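Scroll down for the structure; my scribbles are underneath it.
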Amino acid sequence: MKTNKLYIVFSLLAVLMLGFSACQPEEYSLGEMITQNNLKYRIVQDAEDPNMVILQSLTEGVTPLWVTPMGRSSHIVDTVRIPFSGDYQFVYGVQSAGGFVQADTFTLELTTTNTDYIKDPLWEMLSGGVGKSKTWILDDGENGLATGPLTYADPSREQVWGNYEINWPATGSDVGATETDYQAEMIFDLIGGANLNTVKPNEEGGNESGVYSLNVDNHTLSTSDATIIRLPGFIPKATNWTNDLKILELNENELRIAVMRTNEEGPWYYVLNYVSKEYAENYVPGYQPDPNFDHGDQMMLLAGTSSTTWKLSPKSPFNWADLQGAFLNPWYAPGDYADWTGFNAEAVSGFEDARLTFTRTGDVEVVYQDGTRETGTFDIEGKTNLLTFNGFKPSFYISGGWVTATTTDYYEDEGGNVITGDNQWKIVKTKSKSGIITDVWFGKRDTGKDEYMVYHFVLEQNIPDFSREVTKALCGGIIGETQRTFKIDLEWPVDWRNPLGEGWTVPGEIADWYWSAEIAASVEDQSITFKQVDGVITATKVDEEGNIQTSPVTIDEESRAIVMSDMDIIKFGAGSWMNTAGPDYYVTSYDLHLIEDNGIWLGVKNSDTEYISYHYVVK
């Protein structure tokens with residue numbers, strides 16, 4: 001039997017640790033009521049290894065339900081391997097047509113110890129070793145390991161120990177993690193047994209005490225009477241949180257467990273990322289130099305051909321970003337901001353009149369909200385994107401009594417590495433319309449973390465007209481009569497983008513959970529032609545069957561959308577689940593002046609911070 005081949009402490013035949021209700025089959029054949037006196041079973045120790053306990057159900061026509069010190073089982077013959085001496089209780093019960101019947105508790109005294117069951121190094125990695133315990137917490141992304149407590153992996157690819165691939169390295173804010181989630185703990189020990197105790201301030205059920213089993217050959221973990229710590233919002237999205245959970249990574253400091261999503265969203269792996277509490281409490285990040293960005297002529301960016309005035313964005317004046325410039329919070333409008341920031345629509349009045357003007361001569365002037373002014377000079381180091389102020393230190397109050405857009409102070413780490421220079425910002429991100437930079441994010445490097453606090457400034461004037469820009473991009477011109485025809489880009493058809501046009505898919509790498517050869521064939525011959533006559537736009541679509549539809553097109557500058565009231569954009573066939581219904585389609589491209597090379601992304605809103613976007617290229 002397999003029992004003799006699984007050297008897993010306290011292993012049940014398939015390590016099925018199920019509750020009584022979960023063990024009950026849906027139907028039973030009719031039969032007589034079984035009484036306690038009718039129960040027949042054996043609980044014996046192996047003659048050569050007394051720490052190996054053999055369970056055997058001898059009652060015919062029933063489903064056995066064992067309760068052992070190390071979990072539950074519904075097998076007729078099973079084996080429990082117990083490495084430690086002590087008194088252990090076993091309960092035998094059965095489920096029949098007449099109901100559930102349970103025998104009296106049987107107590108077995110073990111006087112021997114067999115730690116051969118837990119010699120594999122993985123036991124020590126998980127629990128600290130025999131007679132010890134080890135505490136694990138969710139990784140908040142600040143430990144130099146995972147990006148956050150929960151990431152994603154594609155089940156169409158093999159995801160196993162030593163061979164797995166994270167397809168979305170989500171951060172804590174991406175998955176809604178809270179400070180309370182990071183206070184949760186799970187303690188694995190080998191003190192008189194393989195015990196799992198949890199501290200769960202983030203779950204309604206509270207703390208738990210249970211047991212666990214580790215299959216070192218298959219790299220799986222099973223638990224009973226306790227579950228791994230997790231994010232509460234994801235609990236109803238998966239049905240198995242206890243049995244044969246895939247361990248993708250386990251070392252002295254890091255544990256990664258894959259749980260399959262089973263709800264209506266479809267199968268996908270949630271990868272729970274943990275870090276040992278001791279490691280997290282003692283982690284000191286190594287020196288991570290700032291990366292450099294290619295923003296082109298940064299004097300032109302800041303000052304234009306003569307001088308340029310900037311103001312803080314009233315929609316999203318600040319955020320945090322990693323060193324590559326990826327935002328750490330999905331904040332794009334006042335309603336997106338967390339309460340602890342103090343920022344909302346009312347806070348805008350506290351900085352709406354503040355201005356920052358750069359001149360090509362190297363002069364800079366600040367006008368604060370109260371009308372006071374400061375002047376000085378600035379230097380821009382193009383290779384490192386560093387902007388240095390001379391003569392004054394800008395400081396714009398934003399919200400909450402503490403959020404202020406100001407520059408760095410000089411700071412060196414213990415190794416003598418200069419983390420931040422004096423009175424500097426780094427140009428981290430930009431956004432353009434019609435080839436003109438309209439938005440810039442200045443970053444203030446954090447001296448203790450590998451991240452920036454970024455301040456979002458927008459052009460005060462000379463902002464390109466969005467309606468004119470979109471009309472020219474879609475139709476090829478804005479005067480007289482012009483038109484342009486588009487088709488779906490089969491090499492890069494779909495992306496999931498935020499309001500800044502940032503997504504995560506890449507050209508030529510298409511996953512089968514949203515794309516297939518059949519879907520590609522369904523859209524290959526479809527097209528949309530946009531035509532304008534003296535600025536009035538219409539769209540004409542040729543669908544999969546060759547039918548032709550036409551709709552007027554209007555442009556909503558406030559929401560960056562085109563509106564087609566009488567038809568939808570190209571619909572994906574072959575059973576595709578992707579939503580293409582209008583009438584609003586959001587422009588998630590910010591390089592429309594390059595439309596002949598890069599195409600245009602038109603999106604359907606999934607949420608306030610995400611659009612499922614479709615890539616149209618010029619036919």
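The values are calculated or read from the model by the stated rules, or taken from the named source; none is laboratory data. Note that the structure is a prediction, hence the values are computed from the model and not measured. Positions of Cβ are generated from backbone atoms using ideal geometry, with glycine treated the same way; all protein chains shown enter the neighbour counts. Remember, those area values only see protein heavy atoms, side chains included, never the ligands or the DNA or RNA. Shrake-Rupley method; radii C 1.70, N 1.55, O 1.52, S 1.80 Å.
A few points about this structure:
- Cα centroid separation, the range 464-504 to the range 182-256 (Å): 48
- Separation between Cα centres of the range 280-352 and the range 62-90, rounded to whole Å: 57
- Set of the range 104-128 residues, backbone N closer than 18 Å to the point 7 Å along the Cα-Cβ line of Asn197: 126-128
- Within the full protein context, the accessible area of Trp492 is estimated at about 50 Å² for a probe radius of 1.4 Å.
- In nm, spacing of pseudo-spin labels at Ala97 and Asp512 (7 Å Cα→C-beta vector): 4.6
- Asp566 - accessible surface, heavy atoms, 1.4 Å probe, Å² rounded to 10: 90
- Charge dipole (the range 466-618, unit charges on Cβ, about Cα centre) - positive-most of Ser527, Gly603, Ala561: Ala561
- 222 nm mean residue ellipticity, helices alone, for the chain (DSSP H n ≥ 4; -39,500 (n - 2.57); rounded to 500): -2000 deg cm²/dmol
- Angle in degrees between helix 466-475 and the longest Cα principal axis of the chain, rounded to the nearest 10: 80
- Reported to the nearest whole Å, the Cα centre-to-centre distance from the range 38-61 to the range 533-590 is 69.
- Cβ-Cβ distance of Asn37 and Ile76, R₀ of 25 Å, FRET efficiency by 1/(1 + (r/R0)^6): the value works out to about 0.80.
- Subtracting the Cα-Cα distance of Thr447 and Asp353 from their residue separation scaled by 0.36 nm leaves 30.8 nm.
- Computed from point charges on the beta carbon alone (+1 for Lys and Arg, -1 for Asp and Glu), the dipole magnitude for the range 530-585 about its Cα centre is near 140 Debye.
- Taking 0.36 nm per residue of separation and subtracting the Cα-Cα distance, full extension of the segment from Asp422 to Asn282 would add 47.5 nm.
- Under 13 Å from the Thr180 label point (7 Å along Cα→beta-carbon), backbone N, the range 137-154: none
- Portion, in percent, of the accessible area of the chain that falls on carbon or sulfur, probe 1.4 Å: 46
- Surface analysis of the range 466-618 yields an accessible area of 45 Å² per residue, using protein heavy atoms and a 1.4 Å probe.
- Computed on protein heavy atoms with a 1.4 Å probe, the accessible areas place Ser589, Ser306 in the order Ser306, Ser589, largest first.
- Dipole of the chain [Lys/Arg +1, Asp/Glu -1 at C-beta], most positive-end residue of Ala303, Trp496, Ala97: Ala97
- Matching the structure-derived Kirkwood radius over Cα pairs in Å against the labelled list (1) 28.9; (2) 25.9; (3) 25.1 gives the label (1).
- Linear extension gain, Val44 paired with Val160, 0.36 nm per residue minus alpha-carbon span: 38.1 nm
- Radius 15 Å from Cβ of Met260, net charge of other residues (Lys, Arg +1; Asp, Glu -1): +1
- With the cut-off at under 18 Å, measuring from each backbone N in the range 203-227 to a point 7 Å along the Cα-to-Cβ line of Ile235 picks out 203-211, 223-227.
- At R0 = 35 Å, FRET efficiency that the Cβ-Cβ distance of Ile54 and Lys119 yields, to 0.05: 0.95
- A simple spin-label model places pseudo-atoms 7 Å from Cα toward Cβ; at Leu594 and Asp608 they are separated by 3.1 nm.
- Here the dipole of the range 316-472 is about 600 debye; that uses its Cα centre as origin and unit charges on the Cβ of Lys and Arg (positive) and Asp and Glu (negative).
- Computed from point charges on the beta carbon alone (+1 for Lys and Arg, -1 for Asp and Glu), the dipole magnitude for the range 36-110 about its Cα centre is near 260 Debye.
- Sites listed here are GluC sites (Glu not before Pro) in the range 390-493 whose DSSP assignment is loop and whose Cβ has at most 10 other Cβ atoms within 10 Å: Glu414.
- The relative contact order of the chain, computed from alpha carbon pairs under 8 Å that lie at least 6 residues apart in sequence, is 8 percent.
- Residues Asp363, Asp439 ordered from highest to lowest accessible area at a 1.4 Å probe: Asp363, Asp439.
- FRET efficiency estimate (nearest 0.05) - Cβ-Cβ, Asn462 to Glu544, R0 45 angstrom: 0.55
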